[in-house]
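Any read-out appearing in this document is the output of simple, stated calculations on the displayed coordinates, not a laboratory observation. Fair warning: this is a prediction, and the values are worked out from it, not measured in the lab. Cβ coordinates were reconstructed from backbone atoms using ideal geometry, including for glycine residues, and neighbour counts include every protein chain displayed.
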Amino acid sequence: MKLPPFEYVAPNSLTKACELLRDKKNKAIPIAGGTVLLMALKNRLKTPNLLVDLHNLPKSLHHIAYSPKQGLTLGGLVSLRQAANHTVVRDKYPIFVQALLSVGSPQLQAMGTLGGNLCQDNLCVYYNRSPMLRQALEPCHKLGGKICHTISGSKTCWATYCGDVAPALLALQAKVKIIGPGSEKVIPLQKFYTADGKKPNILKPGEILTEIQVPPPRPRSGGAYLKLRIRKAIDYPLLGAAFWHSLRNGEAVCEEATLVLTGVERAPLFIQETETLKGRRLEGKIIEDLAEAAYRRAHPLHTVCELTPKYRKDMVRVYVREAVRLALQQVLKGGTL
Amino acid sequence: MKKVVTLRVNGEQVELEVRPNQTLLDVLRDDLELTGTKRGCDSAVCGACTVIMDGEPVLSCMTLAVRCHGKNILTIEGLAEDGKLHPLQKSAIEHGAVQCGFCTPGWLLSAKALLENNPSPTPEEVQTSVSGNLCRCTGYQKIVDSILAVAEGKVHKPSKPSEEPACWKRDV
């Protein structure tokens, strides 16, 4: 599959990159790791006139820093492998490492960047296919048409969010810094996602996700990310569950907890029922109720070929129970936190 | 518009004019005629196009050649040195880890990248390192065994490519 023709530029300043991306005449898109983008280009899902390479941007975008007060700061261009191999990340954020190492394959982890992973497009089997196969069907919402092949009659796009890293970072209550032409803001990662299949994040033309900020881990906290897929490598998550919690000092009761699912909605799905865990021991019925709440909220669709939506929904209970068990085990064993 | 890039491929400096929409795989196979790097799925799945770039295994089908300026690239053609097989290649032959051979360049380079960073990996680490390389002849166990043998130092004597490996010898 040949790539379509485009021009290429690698600016060395953020201001220049933002300007190039904002100018509508350029019809430009940014490239970080390129692992997802090049596939979209090969499939002619995107046809830019200009690729703006972000790799020459300042060193801070490639940097990892940690301070006990501020927590972890990762540049948007840090590769998944680089983050997963970092000593502090391994010691203090095992749930994040689990998520990083579950992305694609070792090659994709070496090439892909954190910023690129968080900005990855939603997937749908009717959209992510070759031009020849797409010709067989009327264009869907995501292709600029007016129908949805996943849910017949739907007036909106139901492409699914299938990222691995975002659920773990959301569970850790991370924030992201976005820099645009003359603007800079730090927002909770939760607000980065729009739950719109056509446009899954809030980035406007000219804006770049430059930094990820993860708060320092609380004492007696731990988490786990589990991923359902056919093969143990390469595949996107058909379901992913990231559970993180902390226990009260000197007690075995929950102080705070977050549960985020992926692969089952148009954005990473927060399970609000973790609020009810506060002040309670994580055992028996409490875990069952949480698993049941997650099961009710998850709505996997026929947006992927593998495994039926029913099976994936059924597995929500299993994965949530297991993620809670592993997270609890990590804290009670003393773990690394 | 074409751009000039300078790469170091298998130890040799190469200067090339590339179009922005050429992948590293296109350049390796079509311009440099290094056809040992295979074009498999061409969509970041099979790992047949794996090469080592600055010490990391990468998929050349998903890497723009124009972004490789100044990079050090190792393809399968550069694995054997001075006409002597690399221990990983020797081990692959001895363990019968090669069937049709299409995935072999990819996983050999994935394994080389692993052993350079981690000279004594566990079997699980070896499995993970080649998990991005699909083998349709289903020879995974022999692939893992052959890499572990090198890590454990069971294969260390380089041999000339003309030497007949033990597993090819037959009683006539």
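Between A:Lys278 and A:Asp314, take the C-beta separation as r, use R0 = 25 Å, and let me know the FRET efficiency to the nearest 0.05.
Details: r = 28 Å, r/R0 = 1.12.
Plugging the Cβ-Cβ distance into 1/(1 + (r/R0)^6) gives 0.35.
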**Request:** Would you mind estimating how fast the range A:221-332 diffuses translationally, via Stokes-Einstein at 20 °C and 1.002 mPa s with the Kirkwood radius over Cα pairs, in µm²/s?
**Result:** 151 µm²/s
**Request:** Place +1 on the Cβ of every Lys and Arg and -1 on the Cβ of every Asp and Glu in the range A:14-112, take the dipole about the Cα centre, and give the residue among A:Gln82, A:Leu57, A:Pro94 whose Cα lies farthest towards its positive end.
**Result:** A:Leu57
**Request:** Using only Cα positions of the range B:87-161, each an equal point scatterer, no hydration layer, compute I(q)/I(0) via Debye at q = 0.18, 0.21, 0.25 Å⁻¹ and quote the log10 values to two decimals.
**Result:** -0.61, -0.84, -1.21
**Item:** Contact order relative to length of the range B:55-139, as percent, for alpha carbon pairs under 8 angstrom and 6 or more apart
**Value:** 32 percent
**Message:** Can you give the FRET efficiency to the nearest 0.05 for A:Gln173 and A:Ser67, using r as the Cβ-Cβ distance and R₀ = 25 Å?
**Reply:** 0.90
**Request:** Quick one: which residues, 5+ away or cross-chain, put their amide H under 5 Å from the amide H of B:Asn21? H built at 1.01 Å from N.
**Result:** A:Phe6
**Prompt:** Under the Karplus relation 6.51 cos²θ - 1.76 cosθ + 1.60, θ = phi - 60°, what is the ordered set of whole-Hz ³J(HN,Hα) values for the range A:222-227, x standing for Gly and Pro?
**Reply:** x, x, 8, 10, 10, 10
**Message:** Quick check: pseudo-label points 7 Å beyond the Cα along Cα→Cβ at A:Arg90 and A:Arg248, how many nm apart are they?
**Reply:** 3.6 nm
**Message:** Beyond a 23 Å Cα-Cα separation, which of these cross-linked pairs lie in this structure: A:Lys59/A:Lys185; B:Lys71/B:Lys112; A:Lys24/A:Lys191; A:Lys2/A:Lys27; A:Lys92/A:Lys333; A:Lys155/A:Lys199?
**Reply:** A:Lys24/A:Lys191
**Under-5 Å amide H pairs with A:Ala10, H placed in peptide plane, nonlocal only** = A:Asp53
**Fill in**
Rounded to the nearest whole number, the Stokes-Einstein translational diffusion coefficient of the range B:3-78 at 37 °C and 0.692 mPa s (Kirkwood radius, C-alpha pairs) in µm²/s is 274 µm²/s
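With 10 angstrom as the radius, rank A:Trp244, A:Trp158 by how many other C-beta atoms surround their C-beta, starting from the fewest. Numbers along the way, then the final one.
Values: A:Trp244 29, A:Trp158 23.
Fewest to most other Cβ atoms nearby, the residues stand as A:Trp158, A:Trp244.
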**Item:** Charge dipole (chain B, unit charges on Cβ, about Cα centre) - positive-most of B:Thr37, B:Cys137, B:Ser120
**Value:** B:Cys137
**Cut-off under 5 Å, modelled amide H: who pairs with B:Val14 long-range** = B:Leu7, B:Arg8, B:Val9
**Item:** Label zone at B:Met1, where the point sits 7 Å out along the Cα-to-Cβ direction: the range A:1-33 residues whose backbone N lies under 16 Å
**Value:** A:6-12, A:20, A:26-27
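Take the Cα atoms of chain A, build their convex hull, and give its volume per residue in Å³. Please list the in-between numbers first.
Details: hull volume 45.2 nm³, N = 337.
Each residue corresponds to 134 Å³ of Cα convex hull volume.
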**Message:** Just want the answer: with Cβ charges of +1 for Lys and Arg and -1 for Asp and Glu, which residue in A:Gly284, A:Phe243, A:Val264 is farthest toward the dipole's positive end in the range A:221-332?
**Reply:** A:Val264
**Message:** Could you derive backbone 3J(HN,Hα) for the range A:117-124 from the dihedral phi with the Karplus parameters 6.51, -1.76 and 1.60 (θ = phi - 60°), listing whole Hz in sequence and x where the residue is Gly or Pro?
**Reply:** 5, 5, 8, 5, 6, 6, 10, 8
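Can you give the local net charge around B:Ala92? Use residues other than it whose beta-carbon is closer than 14 angstrom to its beta-carbon, Lys and Arg +1, Asp and Glu -1. It would help to have the intermediate numbers written out before the result.
Numbers: positive: B:Lys90, B:Lys112, B:Lys142, B:Lys154; negative: B:Glu94, B:Asp145.
For residues surrounding B:Ala92, the net value is +2.
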**Message:** Just to check I understand the Karplus step: with θ = phi - 60° and J = 6.51 cos²θ - 1.76 cosθ + 1.60, what whole-Hz values come out for the range B:55-72, glycine and proline as x?
**Reply:** x, 10, x, 10, 8, 6, 6, 10, 10, 6, 4, 5, 8, 9, 4, x, 8, 9
**Item:** Net charge dipole size for the range A:253-337 [Lys, Arg +1 and Asp, Glu -1 on Cβ; Debye, nearest 20]
**Value:** 140 debye
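If you put +1 on each Lys and Arg Cβ and -1 on each Asp and Glu Cβ, how big is the dipole of chain A around its Cα centre, in Debye rounded to 20?
Values: 47 positive and 26 negative charges, 90 e Å.
Around 440 debye, computed over chain A.
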**Message:** How tilted is helix B:104-117 with respect to the longest principal axis of chain B? Cα atoms for both, answer in degrees (0 to 90, nearest 10).
**Reply:** 90 degrees
**Message:** Sorted from largest to smallest, which semi-axis lengths in Å does the alpha carbon gyration tensor of the range A:36-160 give for its equivalent ellipsoid, taking the root of 5 times each eigenvalue?
**Reply:** 35, 17, 13
**Request:** Any aspartates and glutamates with Cα under 13 Å of the A:Lys177 Cα? List them, leaving off those in the same chain fewer than 8 positions away.
**Result:** A:Glu207, A:Glu211
**Asked** How much net charge surrounds A:Ser102 when only other residues with a Cβ under 12 Å from its Cβ are counted (Lys, Arg +1; Asp, Glu -1)?
**Response** +2
**FRET efficiency estimate (nearest 0.05) - Cβ-Cβ, A:Glu322 to A:Lys204, R0 35 angstrom** = 0.35
**Prompt:** Relative contact order for chain B: what is it in percent, counting Cα pairs under 8 Å that are at least 6 residues apart?
**Reply:** 24 percent
**Message:** As a test of understanding, state the convex hull volume per residue of the range A:18-103 from its alpha carbons, in Å³.
**Reply:** 116 Å³
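Just counting partner chain Cβ atoms within 10 Å, what average do the residues of peptide B:115-122 show around their Cβ? Walk me through the intermediate numbers first.
Working: counts 0, 0, 1, 0, 0, 0, 0, 0.
Per residue, the number of nearby Cβ atoms from other chains is 0 on average.
Out of all Cα-Cα pairs in chain B, roughly what percent, to the nearest whole number, are more than 29 Å apart? Could the numbers behind the result be given before it?
On the way: 2989 of 14706 pairs.
Counting every Cα pair in chain B, those more than 29 Å apart make up 20 percent.
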